[in-house]
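The values are calculated or read from the model by the stated rules, or taken from the named source; none is laboratory data. Here the structure is a predicted model, which means the values were calculated and not measured. Positions of Cβ are generated from backbone atoms using ideal geometry, with glycine treated the same way; all protein chains shown enter the neighbour counts.
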Amino acid sequence: MSITIKSVTKRFGKFTALDNVSLEVPSGSLVALLGSSGSGKTTLLRIIAGLEVPDVGSVLIQDEDITHASAQQRNVGFVFQHYALFRHMTVYENVAFGLRVRGRPDGQVCERVTELLKLIRLEGLDQRYPGQLSGGQRQRVALARALAAQPRLLLLDEPFGALDAKVRQELRTWLRRLHDEIHVTSLFVTHDQEEAFAVADKVVVMQGGKIEQMGAPHEVFDHPASPFVMDFLGNVNVFQGRVQSGRLLLGNIDLAAHDAHPQEEERPATFYVRPHELDIKRSANGTPSLKANVLHLNPAGPVTRVQLLAVDFGLTVHVELSHERRAELGLSPGDTVYVAPRKLRVFLPEPEYTI
Amino acid sequence: MATVNRRILPGFLPGMSYTLTYLTILVLVPLGACFFKAMTLSWDQFWGAVWTPRAQAAYALTFGASLAAAVLSTVFGLVVAWVLVRYQFPGKRLFDSLIDLPFALPTAVAGLVYRSLYVKNGWLGQFLVPLGIELALTRSGIVWVLTFLGIPFIVRTVQPVLEALESDQEEAAASLGANRFQTVCRVILPNLYPAIVTGFALAFARCLGEYGSVVFIAGNKQFDTEIAPILIVNRLEETEYGEAAAIAIVLLVMSFAMLIVINWLERWSRRNEH
């Protein structure tokens, strides 16, 4: 079932958690709400679940307005960041809870719980208590519990936040597969962009109670709509330069900009370059580049991370090179080299007017 | 060969010695003295002192009234703890500190005040007695004053557990379709059981030993409102020290047995905690 959020605003005292947010989640999709803490992503999730009431705006599931329905009436599965399992109940009774409170007969409960325990691959552990399970197992129980009463939506609040990296990876893949099997419209909150990109059909980037950008993961990654999104989605080098007559100017770099600022008048602009979009050369050789000193090399991992100091700007620059390229260059700390961008993104600050 | 001391925490020996010394001086010696005093009686004398119909009635009243008071305290105490933890209201801190008053107040004062309030021409009694509610010089009066003493035990044991109970468990229950009543019965109360049992045990034990307040409110009529501790005092006044000690021993053994049962219950209610 689809979710529609219409101009929702939520304030906590003086703090505006959500500022006129509208969002459409298509039926059967898996959507990530991505943002740093305080961006309003969890508040939005809790409003959809009925755990918070919006000050303004409305929430619809399919075409039904549920803004004023209680959490109990909504039939929305919610998975909490710290699992919120009932500690005094066995795994079996935890999963059965949603069915028991609905007064389902024992036979039906047993059938459904068995089916779900199989789905989360915890068949043998039904008589354990949550305290006897690992973090990953608890999270799966929380998920099964949320799914037991066939909810209309599944909402997950930082579902893998409290787990270690390896388990997180596994559960992530597993959640994606699970979603492909059961197709319940799902919305999950995360601050980990990698997780959002790995799992979701669609990513919604939030900041300061507003939606900055939404779209398919590759769209958002390749075409960030704002400096914030650019910055949030991974390491980025930031340079202060100028734009004039359709050209980007940064030190002795002068690049043609296909779209930005065709005007004659010069304006300051901020350039963003991802570390893998920079190349290092031994000599400038006429290519637009920045002179820099190598500070540090970190060859651990799939790429070599190089830290340099751009001499003319006094700026630290991060570059990612393939190990082959590094070997070819024979870099060592202290070398003077030239850094050339393969791609530059520019965001112009909003023009300011003075009266 | 010298053995290596592998204890990480130092001070086991002095700590344990002090504990044992104080336990002996404060608990074991007085109790032992009580046993020895009781042993000055022959078996028949002992039995004659502790198992008269009058004494049996007093035991029944002591345990019955304490049990009833502990149950009432549990109910009231739970409500008070709930209100103190869950709601904000003006004067909350004052209210919160008032809870401890029964700990500090001389219980004889409580007994006297209750009595003067609830007698036929007392401030409250003049309205209640015509309605058939007699809370002075009756058994229900004993339960009533013991409840006053028991409530803080429940409040102070349940309050911290309730405070520590994450709201997400309740939210989870609600989002799973549970109504408020189901949430309270199936999620909140089971989490509080161990604390409730502990508080109940403390309140019950406190009521069993209570003397000061009861002696004022009860009227101390034989076979009706005479509790076992009063019986002991009676014997003491008659300088029948052996008989007084004998009754004390019976009371002690019964209380101890009760506490063992409650302790076991408490452990049972914590069985799921890991």
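Key figures
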| item | result |
| --- | --- |
| Failed item in (1) without any contact (Cβ under 8 Å) to a residue 40 or more places away in the chain; (2) under 28 Å from A:Met214 (Cα atoms), with A:Leu178 passing the rest | (1) |
| Counted residues, region B:91-107 - those being modelled with pLDDT of 90 or more and touching a Phe, Trp or Tyr at 6+ places or on another chain (Cβ under 9 Å) | 1 |
| Members of region B:238-257 found to be among the β-branched types (Val, Ile, Thr) and surrounded by fewer than 22 Cβ atoms within 10 Å (Cβ to Cβ), listed by number | B:Thr239, B:Ile249, B:Val250, B:Val253 |
| Unmet requirement for A:Gly286, which otherwise passes all of (1) part of a loop (DSSP other than H, G, I, E, B); (2) in contact (Cβ under 8 Å) with a residue 40 or more places away in the chain; (3) of a type outside the set (Asp, Glu) | (2) |
| Leading residue by the ranking (surrounded by the fewest Cβ atoms within 10 Å (Cβ to Cβ)) among those in region B:118-143 that are in a helix (DSSP H, G or I) and among the small types (Gly, Ala, Ser) | B:Ser140 |
| Elements of type helices (runs of 4 or more DSSP H) in region A:30-129, at least 1 residues being under 30 Å from A:Asp19 (Cα atoms), within 11 Å of chain B (Cβ to nearest Cβ) and among the hydrophobic types (A, V, I, L, M, F, W, C) | A:41-49, A:71-74 |
| Yes/no for A:Gln307 being out of contact with any Lys or Arg (no Cβ under 6 Å at 6 or more places or on another chain), surrounded by 16 or more Cβ atoms within 10 Å (Cβ to Cβ) and over 21 Å from A:Asp222 (Cα atoms) | yes |
| Residue match in region A:135-158 (condition: part of a loop (DSSP other than H, G, I, E, B), away from chain B (no Cβ under 14 Å) and buried (at least 16 other Cβ atoms within 10 Å of the Cβ)) | no |
| Exclusive hit being in contact with a Gly (Cβ under 6 Å, 6 or more places away or on another chain), more than 14 Å from chain A (Cβ to nearest Cβ) and under 28 Å from B:Phe35 (Cβ atoms), set B:Ala248, B:Ala203 | B:Ala203 |
| B:Arg235 within 14 Å of chain A (Cβ to nearest Cβ), surrounded by fewer than 22 Cβ atoms within 10 Å (Cβ to Cβ) and of a type outside the set (Ser, Thr, Tyr) | no |
| Matching entry among A:Val189, A:Val229, A:Val243, A:Val203 (being part of a helix (DSSP H, G or I) and buried (at least 19 other Cβ atoms within 10 Å of the Cβ)) | A:Val229 |
| Residue in region B:190-200 that is free of Cβ contacts under 8 Å to residues at least 24 places away in the same chain and either outside any helix (DSSP H, G or I) or under 19 Å from B:Ser269 (Cβ atoms) (or both) present | yes |
| Selected residue (criterion: farthest from the other protein chains (Cβ to nearest Cβ)) from residues of region B:135-170 that are acidic (Asp, Glu) and in contact with a helix residue (DSSP H, G or I) (Cβ under 7 Å, 6 or more places away or on another chain) | B:Glu163 |
| Verdict on B:Arg93 being among the charged types (D, E, K, R) and within 20 Å of B:Ala248 (Cβ to Cβ) | no |
| Test result for A:Ala198, outside any strand (DSSP E or B), over 16 Å from the mean Cα position of the chain (by Cα), within 27 Å of A:Gln62 (Cα to Cα) and not hydroxyl-bearing (Ser, Thr, Tyr) | no |
| Region B:102-117, residues that are of a type outside the set (Val, Ile, Thr) and in contact (Cβ under 8 Å) with a residue 40 or more places away in the chain | B:Pro102, B:Phe103, B:Pro106, B:Ala108, B:Ala110, B:Gly111, B:Leu112, B:Tyr114, B:Arg115 |
| Residues located in region A:291-303, provided they are touching a residue at least 24 places away in the same chain (Cβ under 8 Å) and out of contact with any Pro (no Cβ under 7 Å at 6 or more places or on another chain) | A:Lys291, A:Ala292, A:Asn293, A:Pro299, A:Val303 |
| Helices (runs of 4 or more DSSP H) lying entirely in region B:3-111 (those with 1 or more residues that are surrounded by fewer than 14 Cβ atoms within 10 Å (Cβ to Cβ) and of a type in the set (Lys, Arg)) | B:53-86, B:92-98 |
| Looking only at region B:172-189, and only at residues there that are in a helix (DSSP H, G or I) and buried (at least 20 other Cβ atoms within 10 Å of the Cβ), the one that is farthest from the chain's Cα centre (by Cα) | B:Ser175 |
| Residue in region B:259-267 that is modelled with pLDDT of 90 or more, more than 22 Å from B:Val143 (Cβ to Cβ) and among the aromatic types (Phe, Trp, Tyr) present | no |
| Selection status of B:Phe223, touching a Pro at 6+ places or on another chain (Cβ under 8 Å), surrounded by fewer than 18 Cβ atoms within 10 Å (Cβ to Cβ) and among the hydrophobic types (A, V, I, L, M, F, W, C) | yes |
| Residue within region B:153-168 that is within 30 Å of A:His88 (Cα to Cα) and in contact with a Cys (Cβ under 9 Å, 6 or more places away or on another chain) present | no |
| Set B:Val197, B:Val187: member being within 14 Å of chain A (Cβ to nearest Cβ), closer than 30 Å to A:Ser70 by Cα, aliphatic (A, V, I, L, M) and in contact with an Asp or Glu (Cβ under 8 Å, 6 or more places away or on another chain) | B:Val187 |
| Residue within region A:5-25 that is of a type in the set (Asp, Glu) and closer than 30 Å to A:Gln127 by Cβ present | no |
| Test: residue in region B:218-238 that is under 26 Å from B:Arg86 (Cβ atoms) and touching a Lys or Arg at 6+ places or on another chain (Cβ under 8 Å) | no |
